[in-house]
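Scroll down for the structure; my scribbles are underneath it.
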Amino acid sequence: MSEALIQAKELTKTFGRGKKAVTAVEDFNLLVKAREVVTLVGPSGCGKSTVLNMVAGFMSSTSGQILLKGEPVTSVEPQCGMIFQSYALFPWMTVQENVEFGPRVNRLPKAERLDRARRYIEMVGLNGFEDAYPNQLSGGMRQRVALCRALANEPEVLLCDEPFAALDAMTRQVMQEELLRIVDRSGQTVLFITHSIDEALILSDRIIVMSARPGRVKEMIENHLPRPRHVDMQLGEDFLRMKRGIWKMVEEEVVASMK
Ligand SMILES: Nc1ncnc2c1ncn2[C@@H]1O[C@H](COP(=O)(O)OP(=O)(O)OP(=O)(O)O)[C@@H](O)[C@H]1O
Ligand SMILES: [Mg+2]
């Protein structure tokens, strides 16, 4: 068994103080191995984004810790790339400039920067659009630029917070397959948040179902559905059985979160 790349140990996060204090995540434990794709599912407000933000080092924990390759995460973690639901592109920069942004900040030599940008733009099928601005692209294309921009930093870990939620069903499916292909090729480890159980089953090696707030790990499901995975699989008996099981677990927590 390969070593843990990301480890969350008894992670707790409380926002605010006194009567207004909200504990978003409590005693959350997780272990992600190198090259694994793990998804977090759970009711709205159960602390999924909070967990991801702590892994990225955007937010500190109240207690417990995150280890990346055994080292505690204490500030914004350069080994992690983050992709959000909103594309978070710079509207005043072209596709090329957006993708080059990270490598430029990291002071990569120009030739290498250009080479990386070219490689990743090609990988997501956006060659020819290097000089376009985000507002000249469709939603799916913008999300591909966002993926590309995260990849151009060559992070070991990709943290994805519902990146495909705003896309239409067809584009979403293409993006899921694209993500799997890219990750397979470049060997990233992925921690992915989604509200779609279908998406979780298509993408991941393991699915973590979180409890209603305060978020803890309710169940951990190994996903042995064969790869490569395609949308056709969603009609298969194994897929439907797993989907029903996970749906039931999430539903219990959604009901609990409304009480
Ligand atoms: N910066 C903050 N300040 C105060 N409370 C916060 C902050 N961020 C999150 N929370 C609270 O923490 C809880 C968990 O929020 P979080 O965004 O992690 O949930 P989530 O599982 O990602 O939900 P969703 O599925 O709707 O995105 C919520 O009750 C939220 O109100
Ligand atoms: Mg969230």
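The values are calculated or read from the model by the stated rules, or taken from the named source; none is laboratory data. Quick caveat, the model's predicted, so the values are computed rather than measured. Every residue, glycine as well, gets a Cβ built from its backbone with ideal geometry; the counts of neighbours run over all protein chains shown.
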Would a scan of the stretch 8-17 turn up a residue that is out of contact with any strand residue (DSSP E or B) (no Cβ under 6 Å at 6 or more places or on another chain) and among the charged types (D, E, K, R)?
yes
Would you check if there is a residue in the stretch 114-124 being over 27 Å from GLN173 (Cα atoms) and without any contact (Cβ under 8 Å) to a residue 24 or more places away in the chain?
yes
Take the stretch 140-193 and flag every residue that is over 12 Å from the mean Cα position of the chain (by Cα) and within 16 Å of ligand 2 (Cβ to nearest atom).
ALA166
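Restricting the search to the stretch 156-168, which residues are of a type outside the set (A, V, I, L, M), more than 16 Å from ligand 1 (Cβ to nearest atom) and either modelled with pLDDT under 90 or over 21 Å from ARG119 (Cα atoms) (or both)?
Looking only at the stretch 156-168, we keep the residues that are of a type outside the set (A, V, I, L, M), and these are 156, 160-164, 168.
With more than 16 Å from ligand 1 (Cβ to nearest atom) added as a condition, the list becomes 156, 168.
The answer is ASP168, and nothing else.
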Failed condition for ILE197, given (1) of a type in the set (A, V, I, L, M, F, W, C); (2) farther than 24 Å from MET59 by Cβ; (3) modelled with pLDDT under 90; (4) not assigned by TED's automatic domain parsing to the domain that holds TYR120, with all others met?
(3)
Condition met for LYS48 (within 12 Å of ligand 1 (Cβ to nearest atom) and farther than 26 Å from HIS195 by Cβ):
no
So THR39 fits all but one of (1) farther than 24 Å from LYS243 by Cα; (2) of a type in the set (Ser, Thr, Tyr); (3) within 16 Å of ligand 1 (Cβ to nearest atom); what number is the exception?
(1)
Of the residues that make up the stretch 201-209, is at least one outside the structural domain of ARG116 (by TED's automatic domain parsing), within 16 Å of ligand 2 (Cβ to nearest atom) and either assigned to a strand (DSSP E or B) or free of Cβ contacts under 8 Å to residues at least 12 places away in the same chain (or both)?
yes
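Can you give me the number of residues within the stretch 248-259 that are of a type outside the set (Val, Ile, Thr) and surrounded by 15 or more Cβ atoms within 10 Å (Cβ to Cβ)?
Taking the stretch 248-259 and keeping what is of a type outside the set (Val, Ile, Thr), we get 248-249, 251-253, 256-259.
Now drop any that are not surrounded by 15 or more Cβ atoms within 10 Å (Cβ to Cβ), which leaves 249, 252-253, 257.
Summing the residues that are of a type outside the set (Val, Ile, Thr) and surrounded by 15 or more Cβ atoms within 10 Å (Cβ to Cβ) in the stretch 248-259 gives 4.
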For the structure I just gave you, tell me whether SER49 is in a helix (DSSP H, G or I), closer than 25 Å to VAL254 by Cα and at pLDDT 95 or above.
yes
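Condition check ((1) over 25 Å from GLN7 (Cα atoms); (2) in contact with a Pro (Cβ under 8 Å, 6 or more places away or on another chain); (3) acidic (Asp, Glu)) across all residues:
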position: ARG113; (1), (2), (3): yes, yes, no
position: ALA117; (1), (2), (3): yes, yes, no
position: ASP131; (1), (2), (3): yes, no, yes
position: ASN135; (1), (2), (3): yes, yes, no
position: GLY139; (1), (2), (3): yes, no, no
position: ASP161; (1), (2), (3): no, no, yes
position: GLU178; (1), (2), (3): yes, no, yes
position: ILE193; (1), (2), (3): no, no, no
position: ILE197; (1), (2), (3): no, no, no
Give the stretch 10-30 a look and list any residue that's surrounded by fewer than 17 Cβ atoms within 10 Å (Cβ to Cβ), in contact (Cβ under 8 Å) with a residue 12 or more places away in the chain and out of contact with any Phe, Trp or Tyr (no Cβ under 9 Å at 6 or more places or on another chain), or say none.
THR14, ASP27, ASN29
Report yes if some residue within the stretch 16-27 is within 16 Å of ligand 2 (Cβ to nearest atom), closer than 17 Å to THR189 by Cβ and in the same structural domain as GLN176 (by TED's automatic domain parsing); otherwise report no.
no
State whether the residues of the stretch 210-221 include one that is surrounded by fewer than 18 Cβ atoms within 10 Å (Cβ to Cβ) and without any contact (Cβ under 8 Å) to a residue 40 or more places away in the chain.
yes
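Condition check ((1) away from ligand 1 (no atom under 13 Å from the Cβ); (2) in contact (Cβ under 8 Å) with a residue 24 or more places away in the chain) across all residues:
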residue	(1), (2)
VAL32	yes, yes
PRO43	no, yes
VAL55	no, yes
SER60	no, no
TYR87	yes, yes
